Amino acid sequence: MGPVTGDASEVVLSKQDLRAVAAFAAACAEAALGVFEADQPDDARPRAAVGAAWEFARGGERGKSLRDTAWAALSAGRYTDPAAGPAAAGAARGAAGE
């Protein structure tokens, strides 16, 4: 993990740290994708966000495309079963780094 700077609540992560976090989040989100896709089988936005997170975790750049897929995944959660779908889509959004 990167050094702690400023006050005790501020943590600076290196790109390597961010890639590790993205990989962990993507793996966790993949486990939840089935819940979302069972409710919304034609909506690929959360899966695209997880794919973008894996791309970043494996050496891709962190930029607009990653942010866009993250926010699209969040939006997808608004149209699902309120018991589980939003959480699965939110996990995908988190994996993509937003």
Checklist entry - Using a 1.4 Å probe, what is the accessible area per residue for region 27-79, in Å²? => result 57
Checklist entry - Tell me, in nm to one decimal, what length is gained between SER75 and GLU61 on full extension, where the rule is 0.36 nm per residue of separation less the Cα-Cα distance? => result 2.8 nm
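The values are calculated or read from the model by the stated rules, or taken from the named source; none is laboratory data. Since we're looking at a predicted model, the values are computed, not measured. These area figures cover heavy atoms from the full protein model, side chains too; ligands, DNA and RNA do not enter into them. Shrake-Rupley method; radii C 1.70, N 1.55, O 1.52, S 1.80 Å.
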